[in-house]
Amino acid sequence: GRRAPWIVLFALLALQASPARAELAQVDGWDSGQVAVFQGGFAAGETAAVRLTPTGPCPCHVDEVRFLFGGAGGTYDVIIHIWDDTALTDTPGTELYSQTVPVTGTEDFMQSVDLRAANVTVSGTFRVGLEFTHSGYPSVARDNDGSIDFTSNFIDAQGFGWVQSWLLLLTGDWIIRAVVDGGPVGPGTELANDGWVDGQTAAFQGGFVPGEIAASRLVPPGP
C-alpha cells in the first residue's frame, strides 16, 4: 500500500444542524493528521467493505457514508453498496442500497456522500462497501494503528469471493464510516451563506499558506 504522510480531515457536506442522536459508526482508529495507508492492489470489480453496528435503537437510517480515497489523483466511478449484515456471515445479506458516484483521489480530505434522500433503513448490523471500477490507485485507505478487527473488514476479491481482509494478509481497518440517524432532509437542516448549488461551477482558492484558516460565520434560525 501507499502511505499518506499527512491528511487533513475536511467535511465535504455543508454543516448540518442535526439532532444530538446522530452517531458516527466506524471500526477504524484513524484520526485526522495520522498516517493512513492507501491499498493499491484492488482490481476493477472488487470491493472493500466494513461491518458496522449502530448502538440503536433500530430500525434506523444511514444518512451519510465517509471514506478516504487517494494514493493518486484522477476521477473514477466508485459504487457504494449497503447490505443487511445481521447474519454476521462473510457474505453479506440483502442489498439495501447501491449508487455509482464519481470520486476524485486526494490525500487531503475525507470523502462524504449524503444518502438522506435515499431513505436507507437498517435493522441493526449492516455492511458498507466500495466497489471499484478501475484497478490500482486511487483507492480506499486503512488505518495504521497496528490492530485490526478481524470480523469487520472484508474484501470481495476475484477468485475468492467474500473473505475477511486479514486472510489476504492485510493489516489495519478500512477507513469507511457511516453516519446513522443524522436527521431528516428538509428546510432548516442546512446552514450556509454561499449561493452554490449542486452542478454549478465553484472556484477553489489556492492562495493559502500553512497556518492560515478559511472560516464562515453561520447563524442557525434558532432556538
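Since every read-out is calculated from the coordinates, none of them should be taken as a lab result. The model shown is predicted, which means the values in this text are computed figures rather than measured ones. Please note: Cβ atoms are built from the backbone with ideal geometry, for glycine as well, and neighbour counts cover all protein chains shown.
Summary of computed values
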| quantity | calculated |
| --- | --- |
| Between segment 106-145 and segment 36-86, the alpha-carbon center distance in angstrom | 3 |
| Residues with amide H under 5 Å from that of residue 45, placed H, sequence gap 5 or more | 132, 133, 134 |
| Residue-wise HN-Hα coupling along segment 69-86, computed from phi with Karplus coefficients 6.51, -1.76, 1.60 (Hz; x: Gly, Pro) | 8, x, x, 5, x, x, 10, 9, 6, 10, 9, 8, 10, 10, 10, 5, 10, 5 |
| Charged-residue dipole, Cβ positions (Lys, Arg, Asp, Glu), segment 19-142 about Cα centre, Debye nearest 20 | 120 |
| Relative contact order, percent, segment 55-161 [alpha-carbon distance under 8 Å, six or more residues apart] | 39 |
| Charge tally in the Cβ shell below 11 Å around residue 126, where Lys, Arg are +1 and Asp, Glu are -1, residue 126 excluded | -1 |
